[in-house]
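Below is one structure, written out as structure tokens; comments come after it.
Values quoted throughout were computed directly from the atomic coordinates according to the rules given, and no laboratory measurement underlies them. Worth saying up front: this structure is predicted, and the values here are computed from it rather than measured. With ideal geometry, Cβ positions are generated from the backbone for all residues, glycine too; neighbour counts draw on all protein chains shown.
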Amino acid sequence: MSKLLLNKVMVIVLSYIVTIGAIAAPADPLSNFFRNKTKIDKPFDLRDPFKAPQTKAEKAKPGAFFSESKGQYSNIVEEKVKSMDAIKLVGVLIGKERRALVSSEGGKSIIILKEGMKIGEDGAELKAILPGGIILVEKIVNVYGQEEYLETVIPISK
């Protein structure tokens, strides 16, 4: 019986040593790999530098609901203006609420814009709708690191 008891004690001692060794081992050897090599917190969470960053339009799921304004939701996707260079001003509606009718480059449909809307990927704001055209204001940062505003006047196309 003493031999049987000695075997049980040996198994318990060995299992205790293995358990303590497993607890003391680091969880992931790659978790500390970049600690002294870079100042970036999570280098694996960064985007691929060889791919263009996704725009907000690409991230939106087709068929999903989106908010047009506060409290208004729709699943009808309206055509957006891609850039300021692609705008062709077709007409202007003057009245209580001014609207501009534009067609984008190669687009057969007409897009209705109102004052205050952001246009294109650069985020140019439609500041004014006048009887002869529209005024777009774009905020940029110049080479000196200062913010500048560029105003673009687009006349009605003939």
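Some notes on this structure:
- A simple spin-label model places the labels of VAL143 and ALA52 2.6 nm from each other, with each point 7 Å out along Cα-to-Cβ.
- Cβ-defined net charge surrounding GLU148, 11 Å radius [Lys, Arg +1; Asp, Glu -1]: -2
- Inter-site label distance for LYS8 and ILE112 at 7 Å from Cα along Cβ, in nm: 8.7
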